[in-house]
Structures are given as structure tokens and as C-alpha cells.
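Chemist: Take this structure, written in C-alpha cells, and hold onto it; I'll ask about it next.
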């Protein structure tokens with residue numbers, strides 16, 4: 001067995017030993033934390049359902065195909081593979097939608113091809129911006145997003161383009 005096989009049990013034992021030394025009732029703290037998380041989940045659920053509904057409408061309406069067709073020639077000029085445009089569009093909105101799109105790309109373009117590599121780097125190196133903002137801001141009850149969304153959108157624009165550069169640099 002490797003040391004890494006013991007890390008999680010060691011962390012759990014360390015927490016329990018620390019709690020015993022500090023005379024903390026671990027079970028009651030665990031139950032209180034679970035209760036608090038259930039309440040947070042109930043608070044963010046409406047925003048999450050709305051986001052998932054919007055993603056479903058976006059995917060099934062054909063809007064993603066229309067946008068992909070419209071911007072592919074522009075992105076091709078920058079070396080961005082047209083196969084990865086749907087992933088670049090859906091990734092900021094939905095992780096599960098991005099996973100389905102990523103799997104579709106890898107089905108059509110093997111992972112060792114340029115589009116497959118760009119899709120792999122993009123899936124691992126970009127963020128689900130709107131999902132993250134929805135969950136975190138709903139949980140913290142922040143209503144004024146100020147510069148968050150514009151700055152995140154700049155990252156969502158340059159992230160996929162930088163993925164192409166990284167793939168060209170390393171492969």
C-alpha cells in the first residue's frame with residue numbers, strides 16, 4: 001500500500017483526536033453543520049433550478065448550434081478548432097452540459113488530435129462561471145455583483161483562446 005492510501009483516514013483520525021483534546025462534541029457539531037448546509041441548499045435551490053432550466057432551453061432550442069455556425073469562421077482565423085466552440089459556449093454556464101459536450105467532442109475527435117487536446121485542456125482549465133456565481137452569491141445573499149460578471153466573462157473569452165496557445169506550446 002502507498003502512503004496516499006492512508007491520507008484520508010489519517011486526516012479523519014487527526015480531526016477526531018484534536019476534537020477529543022479540545023473537548024468538542026464532534027457528533028453535535030456534525031449534525032449542526034449538516035442542518036446548516038440543508039438550509040443553504042434550500043436557499044440556493046430556486047436560483048439553481050432557474051439556471052438549469054436556462055441551460056436546457058439553450059441546448060435544446062438549437063441556439064448553441066446557431067451561435068457555433070456564426071462564430072466558427074471568426075475563431076478559425078485565430079486557430080481555434082470549430083469542434084470546440086460548443087464547449088467554449090456551454091462551459092461557463094453548466095458543468096454537466098459541458099461534460100456532455102466534451103464527451104461528444106472526444107467521440108468525434110480522439111484525445112490525441114488537436115481539437116481533442118484543446119477540448120481536454122479547456123474542460124480542465126476553465127470554470128463554470130454562471131453556476132459558481134449563482135451558487136456562491138445566492139448562498140451569501142450578495143445581490144450587487146459589481147465587477148464579478150464582467151471580469152468573469154473576460155476570463156471566459158480569453159480562457160478558451162489560451163487553451164489553444166497552451167496546446168500549441170506543449171504539444
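Chemist: Can you tell which of 16, 45 is out of contact with any strand residue (DSSP E or B) (no Cβ under 9 Å at 6 or more places or on another chain), without any contact (Cβ under 8 Å) to a residue 12 or more places away in the chain, closer than 30 Å to residue 142 by Cα and surrounded by 11 or more Cβ atoms within 10 Å (Cβ to Cβ)?
Modeler: Just a single option satisfies the conditions, and that option is 45.
Chemist: Something else now. Answer yes or no as to whether residue 71 is farther than 21 Å from residue 96 by Cα, touching a residue at least 12 places away in the same chain (Cβ under 8 Å) and surrounded by 10 or more Cβ atoms within 10 Å (Cβ to Cβ).
Modeler: yes
Chemist: Another one. Of all residues in the stretch 10-47, how many are touching a helix residue (DSSP H, G or I) at 6+ places or on another chain (Cβ under 6 Å) and not in a helix (DSSP H, G or I)?
Modeler: Within the stretch 10-47, residues that are touching a helix residue (DSSP H, G or I) at 6+ places or on another chain (Cβ under 6 Å) and not in a helix (DSSP H, G or I) number 0.
Chemist: Now a separate question. Give the residue, chosen from 160, 115, that is under 18 Å from the mean Cα position of the chain (by Cα), under 21 Å from residue 75 (Cα atoms) and at pLDDT 90 or above.
Modeler: When all the criteria are applied, what remains is 160.
Chemist: So, one more: Do you know which residues across the stretch 115-130 are in a helix (DSSP H, G or I) and within 17 Å of residue 56 (Cβ to Cβ)?
Modeler: Once the filter is applied, which keeps residues that are in a helix (DSSP H, G or I) and within 17 Å of residue 56 (Cβ to Cβ), the stretch 115-130 yields only 130.
Chemist: On the basis of being under 25 Å from residue 52 (Cβ atoms) and at pLDDT 90 or above, does residue 124 make the cut?
Modeler: yes
Chemist: With the checklist (1) in contact with a helix residue (DSSP H, G or I) (Cβ under 7 Å, 6 or more places away or on another chain); (2) more than 19 Å from residue 156 (Cβ to Cβ); (3) not in a helix (DSSP H, G or I) in hand, flag the one item residue 112 doesn't pass.
Modeler: (1)
Chemist: Moving on. Hey, among 66, 99, which residue is under 15 Å from the mean Cα position of the chain (by Cα), surrounded by fewer than 16 Cβ atoms within 10 Å (Cβ to Cβ) and either free of Cβ contacts under 8 Å to residues at least 40 places away in the same chain or not in a helix (DSSP H, G or I) (or both)?
Modeler: Only one candidate passes the filter, namely 99.
Chemist: Right, here's the next one. Inspect the stretch 137-147 for any residue being assigned to a helix (DSSP H, G or I), within 11 Å of the chain's Cα centre (by Cα), touching a residue at least 12 places away in the same chain (Cβ under 8 Å) and more than 19 Å from residue 67 (Cβ to Cβ) and give the result as yes or no.
Modeler: Checked the stretch 137-147: no residue is assigned to a helix (DSSP H, G or I), within 11 Å of the chain's Cα centre (by Cα), touching a residue at least 12 places away in the same chain (Cβ under 8 Å) and more than 19 Å from residue 67 (Cβ to Cβ).
Chemist: Consider residue 86 against the criteria (1) farther than 26 Å from residue 137 by Cβ; (2) exposed (fewer than 12 other Cβ atoms within 10 Å of the Cβ): it satisfies all of them except one. Which criterion is unmet?
Modeler: Tallying (1) farther than 26 Å from residue 137 by Cβ; (2) exposed (fewer than 12 other Cβ atoms within 10 Å of the Cβ), residue 86 fails exactly one: (2).
The values are calculated or read from the model by the stated rules, or taken from the named source; none is laboratory data. Everything numeric in this text was worked out from a predicted model, so none of it was measured. So basically every Cβ, Gly included, is an ideal-geometry build from the backbone, and we count neighbours across all protein chains shown.
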